[in-house]
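Enquirer: What follows is a single structure, and I will ask about it in a moment.
The values are calculated or read from the model by the stated rules, or taken from the named source; none is laboratory data. None of the values given here were measured: they were computed from a predicted structure. Calculation scope for accessible area: heavy atoms of the full protein, side chains included, ligands and nucleic acids excluded. Shrake-Rupley method; radii C 1.70, N 1.55, O 1.52, S 1.80 Å.
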Amino acid sequence: MSGNNKISTLRGLVIFLYRFFILRRWCHRNPKQKYQKCPSHGLHQAHDLSPHTLVFNVEGALLKSDSLFPYFMVVAFEAGGVIRSFFLFILYPFISLMSYEMGLKTMVMLSFFGVKKGSFRAGKSVLPKYFLEDVGLEMFQVLKRGGKSVGVSDLPQVMIDGFLKDYLEIEVVIGREMKMVGGYYLGIMEDTQKRELAFDKVFQEERLSSGHVIGITSFNSSTHRSLFSLFCQEIYFVRNSDKKSWQTLPRDQYPKPLIFHDGRLAIKPTPLNTLILFMWAPFSAALAAARLIVGLNLPYCVANPFLAFCGIHLTLTVSNHKDLASSDRRKGCLFVCNHRTLLDPLYISYALRKKNIKAVTYSLSRLSELLAPIKTVRMTRDRVKDGQAMERLLSQGDLVVCPEGTTCREPYLLRFSPLFSEVSDVIVPVAIDSHVNFFYGTTASGLKAFDPIFFLLNPFPSYTVQLLDPISGSNSSTCREPDNGKAKFEVANHVQHAIGNALGFECTNLTRRDKYLILAGNNGVVNKK
């Protein structure tokens, strides 16, 4: 007998033993249980799934990707830092040779060991973006047609709970708990028996409320198959070949829009992307230093060509070619812009080639204030004092204000504070957009002093500045009267919609406070010592 025939015979014997013993044992536990191979077709053909409870495996049946490495790399980088993420990357070739369970435990240990539970917010503020971009559209449509949904995962509960409950509206999430000492994660997950007890508790309740439970799991996950077989009347299996044909869930079909997210990484850290990122790191440090030195010390006529040569792209569009100065010649021009990064006023200054322009800010680090080539003035959040300060600055020259009060990365505009409409009769809306390659130049829970540095670390960061048609502001004397107080809000909303239409962004009523409550768990106000 040839070698190929021996291998074929051995393979057939293994398949026969698997089907005879494993599947026979499962069917003996639940004689009425049905097994299907293609959930996206079989469940779509079902007439009504709303009375049924759908139990699905998150990694094997919802996410398109087969690798869990990117999600642990996000945790290692955002919660642990560069050194921890580098160790995870170096050890990943060895992890890929381990069994699934051992590799999972190793990545959990490398990512979570020593991380403080109270400060860990990546599960709610960072990871949902990457999970949402990996959800299969076909499986999501199946889950929407069902009744109650239960997500089961091998990942730690703190990684998936926010994503599934807050953004996909999954009612019950069963993950694996983490062991802790003194409020710090040990990097060790609790035994799977605790998850099975939680699973059993949920399904005892579900059997009383729903007579039919449908399981959806991976064809390669023996753990979940055996677990689901104890409780589900039907089990549908997902193969890796099925997931390759799935489409990614479009943004406009997210149950809850992704408006706020945190973290520094702007790319999904797959093994290849992580390799490119670490190879770029030494060059990025030297390039960012050169960009910073030239941008802060040389005149615009010299700095602009050098920065363009170094990969920073700045595009200026002027809608109205008339004089942009205010109609009141005693005052400067008030530029009102949306807020993408802390560099917004600086790039307006570069676009206009004006160094005497000033900017007002609500929160700016001392380092950024010292390095800024234009004058910045802090607001006190006292309406009367801030209005007087802005009027004084306008009497000295041009002024830039960002009435959102905080940055937003996604194509949305936060609510505009109407204070700017009270200090000038003519307002120039400025629509700003920025794009990065590797790192975001904003943060809600990190050190804001590094925001400009991270923006400059990108190979080809870009800025687009659009000067829109001037808009008439409300008169500062009449706007404060009770009968005409509504005018300032109308002006603020008009400016917001003008900028939103120019950028194709959606206007919202969300505020700075909403952003920081979601991402950092505070109201965004830093208490002075």
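Enquirer: Counting residues in segment 238-300 as N, plug N into 2.2 N^0.38 Å and put the Cα Rg over that result.
Expert: Values: Rg = 19.5 Å, N = 63, 2.2 N^0.38 = 10.6 Å.
Working it through for segment 238-300, the quotient is 1.83.
Enquirer: Given the whole protein assembly as supplied and a 1.4 Å probe, what does the accessible area of Cys402 come to in Å², nearest 10?
Expert: Spelled out: Cys402, probe radius 1.4 Å, area about 10 Å².
Enquirer: Provide Rg over Rh for segment 348-437; use the alpha carbon set for both Rg and the Kirkwood Rh (inverse mean inverse pair distance). Intermediate results must be reported in sequence, preceding the final value.
Expert: Details: Rg = 13.5 Å, Rh = 14.4 Å.
Result for segment 348-437 is an Rg/Rh of 0.94.
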